[in-house]
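The values are calculated or read from the model by the stated rules, or taken from the named source; none is laboratory data. Model, not experiment: these values are computed from the prediction. Counting neighbours? That spans all protein chains shown, and the Cβs are built from the backbone with ideal geometry, glycine included. The protein model used for the area step is the full one, side chains on, heavy atoms only, and it has no ligands, DNA or RNA in it. Shrake-Rupley method; radii C 1.70, N 1.55, O 1.52, S 1.80 Å.
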Amino acid sequence: MPKGENTKSRRTAVRAGCALALTGVCAGLAPAAVQAQEKKFLIGIVELQLTNPFFGRLEKSAIDTARKHGFDVMTAEASTVGDSATQIAAIENMINRGVKGITLDPANPTALVPIVKKARDAGIVVVTTNTSLAPM
């Protein structure tokens, strides 16, 4: 397979994986959504730098999937490569805003562990894409 086709296939697979992860978040929240149809749920999407077209496409796919399932969306991104501080602040903001789920593309898999634990302890479903977090 030519190099360009391999890269294209990999990007398609990663985008599909991200959409699938967000679908999992949405599916996990669906029973509650049925009980409270008049109230929309808020989903958080925390991505890496959107100046990189790859991450921009991932975010767009996640937003489209969330909206398809009837969720409101709140987004944030890391300012630079490895910028955990911006992602931590964004997740803290999402916790305070009452999101029900977060899909996260971690800038640093170790630095984000405490805030992800805090979100999960608050009952928020957190799914990571592209990079796993260090063991909690």
* Structure fact -> Among 67, 15, the single one that is modelled with pLDDT of 85 or more and either assigned to a helix (DSSP H, G or I) or within 11 Å of the chain's Cα centre (by Cα) (or both) is 67
* Does residue 116 meet the test of being in a loop (DSSP other than H, G, I, E, B), at pLDDT 90 or above, within 13 Å of residue 46 (Cα to Cα) and not basic (Lys, Arg)? -> no
* Asked: Which one of these does residue 50 not meet: (1) at pLDDT 85 or above; (2) in a loop (DSSP other than H, G, I, E, B); (3) among the hydrophobic types (A, V, I, L, M, F, W, C)?
  -> (1)
* Structure fact -> Within region 91-103, of all residues that are open to solvent by less than 40 Å² (accessible area, probe 1.4 Å) and under 18 Å from residue 69 (Cβ atoms), the one modelled with the lowest pLDDT is 103
* To do: Scan region 72-82 residue by residue and report those that are modelled with pLDDT of 90 or more and within 11 Å of residue 46 (Cβ to Cβ).
  => 74, 75, 76
* Among (1) within 10 Å of the chain's Cα centre (by Cα); (2) closer than 26 Å to residue 40 by Cβ; (3) in a loop (DSSP other than H, G, I, E, B), the one test that residue 99 misses -> (1)
